[in-house]
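See structure below.
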Amino acid sequence: MGSTALGGAAPARAGLAPKSGVLGSTFKPCGGFKLKTTTKVGRSSVCVRVSIASSPQKQYSPKTSAVKSGEEVRIAVLGASGYTGAEIVRLLANHPQFRITVMTADRKAGEQFGSVFPHLITQDLPNLVAIKDADFSDVDAVFCCLPHGTTQEIIKGLPQQLKIVDLSADFRLRNINEYAEWYGHAHRAPELQEEAVYGLTEVLRDEIRNARLVANPGCYPTSIQLPLVPLIKAKLIKLSNIIIDAKSGVTGAGIF
């Protein structure tokens, strides 16, 4: 909460990527990236945007969910028992192109997902397992929904062929010094930080198609950048004239 100028040095608190990121020439785009499918017929372009709309009344029926595409992308969700993880599971379970094959939750290991989130009890989902016990042999892509600061070490240990979408803040800032300044500790996977692509889908789309690691933007950066980036690119507004006064009106602000 609070105000800051867009040209200032408060990327994390104001919800902005660093100067060398979103507004500079090195800004990394996000669009439908190509994932290996379960068949050998080509590759599929896939893009998923997280939604916070979660109405049990709008859940697909088992009959509707059973209508699946012939080409499914196999998904692992890390941190599936958290709020963000549950939303990812809800979206993917009702999507015809995805099949969830692995879900991790260390404190809920061994439990059925429907016992943790009853509104998803009708979905055909694997049991929760600890991350150390996760088998990624039947996985094409990973959605990492772990807390900030814990994702770095986990992603370092994942198989290299997997596509990864990280929903924490661990890979949103490319500059390791800026990361340490705003998050209070050194980054433990700087080589991945350089590789990560900033995933603001609506602004740029091309580089994400070949990206292995996508850093999903937070709610504040998304709401700030979507209206401003087109104006800045068109030179219709000066950075020095921009003030952002962003507030959240829901309990649990900052969860995304």
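Taken together, the values in this text are just the output of simple stated rules run on the coordinates, not laboratory data. Note that the coordinates shown come from a computational prediction; the quantities given were computed from them, not determined experimentally. Here the Cβ positions follow ideal geometry from the backbone for every residue, glycine too, while neighbour counts run over all protein chains shown.
Some observations on this one:
- Cα gyration tensor shape for segment 192-256, rounded if a/c is under 1.5, else prolate or oblate: oblate
- Label point distance in nm, ALA130-ARG212, each placed 7 Å from Cα along Cα→Cβ: 2.8
- Among the GluC sites (Glu not before Pro) within segment 180-256, those in coil by DSSP and having at most 16 neighbouring Cβ atoms inside 10 Å are GLU202.
- Remark on TYR198: its backbone amide H falls under 5 Å from those of LYS28, ALA215, a criterion applied only to residues 5 or more positions apart or on other chains, H modelled at 1.01 Å from N.
- The Kirkwood hydrodynamic radius of segment 117-244, based on inverse pair distances between different Cα atoms, is 16.9 Å.
- Inter-part distance where segment 141-172 and segment 174-240 are each reduced to a Cα centre, Å: 16
- Residues whose placed amide H lies under 5 Å from that of GLU72, excluding near-sequence neighbours: THR38, THR39
- For ALA246, the residues 5 or more places off, or on other chains, whose built amide H falls under 5 Å of its own are GLY2.
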